[in-house]
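Enquirer: The following block contains the structure, expressed as structure tokens.
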Amino acid sequence: MKFLPPKQLIVDIVAAIFIGLFTYTAVMKWRHLHRFIRSLQQVPIMHETAPVLAGFIPAVELGIAMLLFFPGTRTIGLLLATVLMLVFTGYVLFILTTMGQLPCSCGGIIEQMTWKQHLVFNAALVAMGAAGWYQQNRTKSLLQ
Amino acid sequence: MDMKKYVLGMIAVILAISFSAFTTAKKAKATEGSYYWYPVKPNSSDIDHTALINPTSAKYTKSELDGLDLIPCPEHSGTDCMRGFDDVQTTDNDDTPEDFTQKEVQ
């Protein structure tokens with residue numbers, strides 16, 4: 001049996017974590033769509049666009065999960081996953097600094113985190129995604 | 001196609017869908033502070049109905065209500081504490097005696 005090189009295995013694990021996370025949160029958001037729309041509507045700047053965003057965000061998450069699933073598109077998938085997590089982290093920061101009382105609309109068990117825990121969780125995922133993307137890029141350039 | 005490349009991804013998808021199937025939405029718990037309490041006597045006409053609409057104009061204070069021996073206010077409540085119902089209260093409780101209304105009339 002041929003083993004994957006450790007660094008490549010790490011990239012694959014990072015990709016798998018993002019696949020699992022995005023699939024889970026997208027399914028949970030769509031399962032409780034009305035609740036998700038209501039929680040987005042509580043943020044003044046998103047009040048009007050909440051129904052569109054409620055469909056769009058899980059679609060983006062699933063799209064990125066699909067990109068991560070296939071080895072050929074994993075590099076772009078890791079980049080987009082990191083960017084998306086950066087956007088989510090920005091949103092968490094915005095909520096923390098403006099209206100910390102709002103419930104999180106993140107989907108599933110992740111909603112049970114406090115905003116501060118969420119910020120740390122997101123920051124860790126951003127770092128993990130960036131490291132995974134960097135490693136994937138390096139491996140690719142070494143193979144070329 | 002080398003299926004080994006997809007194993008981790010497939011495991012992740014299966015786990016995600018399985019977890020989502022067993023996760024239920026957390027219902028917002030109503031805390032004591034979510035409500036105003038309105039103690040009133042049933043069928044009495046001495047209810048200040050404006051208090052039911054505007055809690056800040058509640059008729060009784062907490063200490064007054066404690067003295068009235070009605071349903072007690074929660075400890076945390078401030079000066080506005082009344083309990084009221086606009087409609088007749090019904091119950092699904094089978095243990096409720098059938099002649100409950102008659103007893104009240106007698």
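All of the numbers you see were taken from the coordinates with simple rules; none came from a lab. Predicted model only: the values in this text are computed from it and were never measured. Cβ: placed from backbone, ideal geometry, glycine included. Neighbour counts: every protein chain shown.
Enquirer: What share of Cα pairs, in percent, lie more than 27 angstrom apart in region A:13-144?
Expert: Values: 1725 of 8646 pairs.
I get 20 percent for the Cα pairs in region A:13-144 exceeding 27 Å.
Enquirer: Loop-only check: which chymotrypsin sites (Phe, Trp or Tyr not before Pro) in region A:1-76 are DSSP coil with at most 16 other Cβ within 10 angstrom? Mind showing how you got there, number by number?
Expert: Details: sites: A:PHE3, A:PHE18, A:PHE22, A:TYR24, A:TRP30, A:PHE36, A:PHE56, A:PHE69; in loops: A:PHE3.
Taking region A:1-76 and a limit of 16 other Cβ atoms within 10 Å, the loop chymotrypsin sites (Phe, Trp or Tyr not before Pro) found are A:PHE3.
Enquirer: Please give the charge dipole size of region A:1-140, origin at the Cα centre, charges +1 on K and R Cβ atoms and -1 on D and E Cβ atoms. Round to the nearest 20 debye.
Expert: Details: 10 positive and 4 negative charges, 66 e Å.
Dipole about the Cα centre, nearest 20: 320 debye.
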